[in-house]
Structures are given as C-alpha cells and as structure tokens.
Amino acid sequence: MTDSKIITETQQPAESSPASYNSCLTGGGNELFQAIQAPVLVVTPEGVILDANSAALTAAKKTQNEIIGKGICKIIHGGSSPHLKCPLEELLLTKSPHMEETTLPGLGGEYLLTVSPVKDQDGSVGKILLVARELTSVEIKKADSMRTAQLAAIGELAAGVAHEVNNPITGIINFAQLLKDDSEKDSFQAELLDRIINEGERIALIIKNLLSFARENENTLEPIIIEQILKDSLSLVQHQFKKEGIKIITECSGESCHLYGNFNQLQQVILNMLSNARFALNERYPNASPDKILKLSCRSTTNKDGQPIVRITIKDTGTGIPQGILKRLFDPFFTTKPSGKGTGLGLSISYGIVKNHGGIIRIDSIMHQYTKMIIELPMSDINTGKNS
C-alpha cells in the first residue's frame, strides 16, 4: 500500500519538499525509491542526471555509472537540433511542474512524463524529479483517435479558408504582373512588383497545400506498382540532389510490389519525404561530403498481423530530429525549419494520404546521426486489384 501511494504521488506535477526528496535517497527511503516500478530520475535544472532508480537503469539498458553526470536528453530524449532546442531541456530550465505524453527512445517506448521541481530550504529549485510511466496500448490508440478527429476538423476549416483566399491572391498576382509589364526594366517599381509577385506565389503555394490537405479523402484508386512511383519521384529530384552533392542509394527487392491506390497522392508523399531529407542533409553538410547520403529502400514483407505489406524507407544522414517533437511533426503548420523555409503542412498531408490508403507512417531519428521515414502500405492481390 505504501509503495503504490508513493508512485501515485510522484506522477502528479507538484513541488516536493527537501525532506521528502531526501527520504527517497537515504536509509529506508532509498529502498522505496529503488522499488518504484516506473523509471525515476533526479536531474538538475540544467538537465544533468544526479540519480536514477533501478527501473530507469533497466529501461535505458545502462549502468549507474553510464547515466550519472550525463545530460538527460542524450540519455532519453535526443538532444538539440540547429533550429529547435530540445523541449525537455527548455522545460527543465523553467523549473515548473509539467506532465506530457512523449516518446522516450532511450527508455524504449511511449511514456507519460511527469516533471516535479524539488525545493531547497531557501525555496530555490536545485533538483527536479522525473517520473516516466509507460503508456498502455489503449492510451496510445485513444491518442491516435483524437489526433485523427483533430485533423479532420482542421481539414474542413482549411478548405474554407483556402477557397476564400485563393481568388483574391490570384487577382493580386495578375494585377502586379500587369503593372510590372508596364514598368521600366530594373527600375525600383519593377523590383517592388517582383517582390509582390513572389510573396503572392508563396501564399498561393500555401493555399495549394491547404487544399491538398482538405482533399485527402478524395481518392481515385487504381492498381499501381510502387517501384514506378519511386522511380518517377527520383527522376524529378536526382539532378538537384547531384548538384548539391547528395549521394542516393536505392535498395529494392527484385519483385514488383502491387498496390491499389492513388499514384499522384503517393508520389506526393515520396517527394515530400525526399524534400525533407534534402533539407536536413544540406543543413548538416552545406558542402560536398562523403557522408551526405540518402538511402531509399523498398521491399515486401508482412506486418504484425501477418498481412502482406510494402515497406518504403527513406533514410538520410542529416541533422536528425529531437525525440520530444517527433509526434508533433504530423501536426498541421508545425515545422522545425526556419521561418520562410516550410509551411508545416507537408507531413500532415502525407500522414492523411498514407492513412487513407490503409497504411501507417512513422519517423525514427537520432540527433546528428540520421532520420528514417518509414511508410507501410497494404499490398494488393494482382488478380483482384484490391488491397489485402
């Protein structure tokens, strides 16, 4: 009874007193600290690990010496990217209680992470208690269902906004072009009109993406071969990749993978993945490098239910993505790119397209090492043309 009470209390994002903290680490209190079934870590506000219980060591597959004194994000959360600090590091610096569901690859799963500041005698926060409770499959499915409902609502809103904005912006671009045609070449007026046209076209691109996002359910399905989609997609980008020194490695099985789907939509997904990989590679390697590599593989296999699927993997050796934001990557308008470099709609659109094809899309990444985009789609029966 005592143990379960302690576990329940540590999962609430409340501030702890110095006395209660000390009792968890000394004498009989240390036994209780080690007996807690959920991973528990004690860190400084700067994210340096001071202590970890047995459950944390087991989940991280590390010894006490391998964890103590190390940065928390390097152990469980993925570190920082050039444009976005690790959310956990930023959260710890606020010294505020917090609770969130997140992926902790260093602990091997999805967790409810509770952050509880520990006050010293003078009222300052010198230590922070982290408790990670692994989420159940029911909780994960519930979160996925909520996200799907949110995407559907945003899709309806996006369609309305896009249609209302599309006509005026088209008029602005056309009128600016007419004025430019009547202006002297290389004049200040022509330069300003060029800027208006360029910004108008950027807005038009966002509108186009919004409409694509809203039309995810409008599928025209037909029998297709996934290798052809990959081949056509690579042909569109290989010149630019070669120019930027990106080496492309393809690994596909000899047999053809047949799907029942929308060719253009699936090609849009692949092109978006290739674009993201290209950006990450150029960020890490602005110039030519033998490590500037993109690897694309495709093979038929089975999922956990034994159903035949095709698995497409696009792996780059770019900047990597902080683990704390992996789940948010599929949220509309969320982007890790600098301002003006991305709309934050590409992955949202891709997520919806793959889901409407009965597939799944997931991302695996380690900071400063790689990012792997994995797409799994149900294969179709060649005779019936329908997905398994």
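The values are calculated or read from the model by the stated rules, or taken from the named source; none is laboratory data. Note that the coordinates shown come from a computational prediction; the quantities given were computed from them, not determined experimentally. Neighbour counts run over all protein chains shown; Cβ positions are idealised from the backbone, glycine included.
Which one is modelled with the lowest pLDDT, of the residues in the range 74-112 that are out of contact with any strand residue (DSSP E or B) (no Cβ under 8 Å at 6 or more places or on another chain) and among the basic types (Lys, Arg)? Once the filter is applied, the top-ranked residue is Lys85.
In the range 279-307, the residues that are closer than 18 Å to Cys257 by Cβ form Cβ pairs under 7 Å with partners that are assigned to a loop (DSSP other than H, G, I, E, B) and aliphatic (A, V, I, L, M), at six or more places apart or across chains, as follows: Ser300/Met379.
Give me a count of the residues in the range 308-330 that are touching a residue at least 40 places away in the same chain (Cβ under 8 Å) and more than 19 Å from Leu377 (Cβ to Cβ).
The number of residues fulfilling the criteria is 12.
Restricting Ser300, Ser253, Ser289 to those that are among the small types (Gly, Ala, Ser), surrounded by 14 or more Cβ atoms within 10 Å (Cβ to Cβ), over 21 Å from Ile321 (Cα atoms) and more than 20 Å from the chain's Cα centre (by Cα) reduces the list to Ser300.
Give the range 179-192 a look and list any residue that's more than 19 Å from Asn167 (Cα to Cα) and either surrounded by 12 or more Cβ atoms within 10 Å (Cβ to Cβ) or not small (Gly, Ala, Ser) (or both), or say none. Within the range 179-192, Lys180, Asp181, Asp182, Ser183, Glu184, Lys185, Asp186, Phe188, Gln189, Ala190, Glu191, Leu192 meet the criteria.
Sort through Arg328, Arg299 and tell me the only one that's assigned to a helix (DSSP H, G or I) and of a type in the set (D, E, K, R). Steps first, answer last, please.
On the way: Arg299 fails: assigned to a helix (DSSP H, G or I).
Only one candidate qualifies: Arg328.
Contact map, the range 182-200: first residue hydrophobic (A, V, I, L, M, F, W, C), second residue part of a loop (DSSP other than H, G, I, E, B), Cβ cut-off under 8 Å, separation 6 or more or different chains; pairs are Ala190/Ser183; Ala190/Glu184; Leu193/Ser183.
Only one of Arg311, Arg362 is within 24 Å of Glu101 (Cα to Cα) and not in a loop (DSSP other than H, G, I, E, B); which? Please lay out each step first, then the result.
Values: Arg311 fails: within 24 Å of Glu101 (Cα to Cα).
Of Arg311, Arg362, the one residue that is within 24 Å of Glu101 (Cα to Cα) and not in a loop (DSSP other than H, G, I, E, B) is Arg362.
Can you go through Lys62, Lys127 and tell me which one is modelled with pLDDT of 85 or more, closer than 27 Å to Glu31 by Cα, among the charged types (D, E, K, R) and not in a strand (DSSP E or B)? Explain how you work it out, then say what you get.
On the way: Lys127 fails: not in a strand (DSSP E or B).
Selected residue: Lys62, the only one of Lys62, Lys127 that is modelled with pLDDT of 85 or more, closer than 27 Å to Glu31 by Cα, among the charged types (D, E, K, R) and not in a strand (DSSP E or B).
Looking only at the range 339-368, residues that are small (Gly, Ala, Ser), at pLDDT 85 or above and closer than 24 Å to Thr317 by Cβ come to 2 in all.
Determine if the range 254-276 includes at least one residue that is touching a Cys at 6+ places or on another chain (Cβ under 7 Å) and modelled with pLDDT of 90 or more. No - not one qualifying residue is present in the range 254-276. Just a yes or no: is a residue in the range 204-223 modelled with pLDDT of 80 or more, of a type in the set (Val, Ile, Thr) and not assigned by TED's automatic domain parsing to the domain that holds Tyr260? No, every residue in the range 204-223 fails to be modelled with pLDDT of 80 or more, of a type in the set (Val, Ile, Thr) and not assigned by TED's automatic domain parsing to the domain that holds Tyr260.
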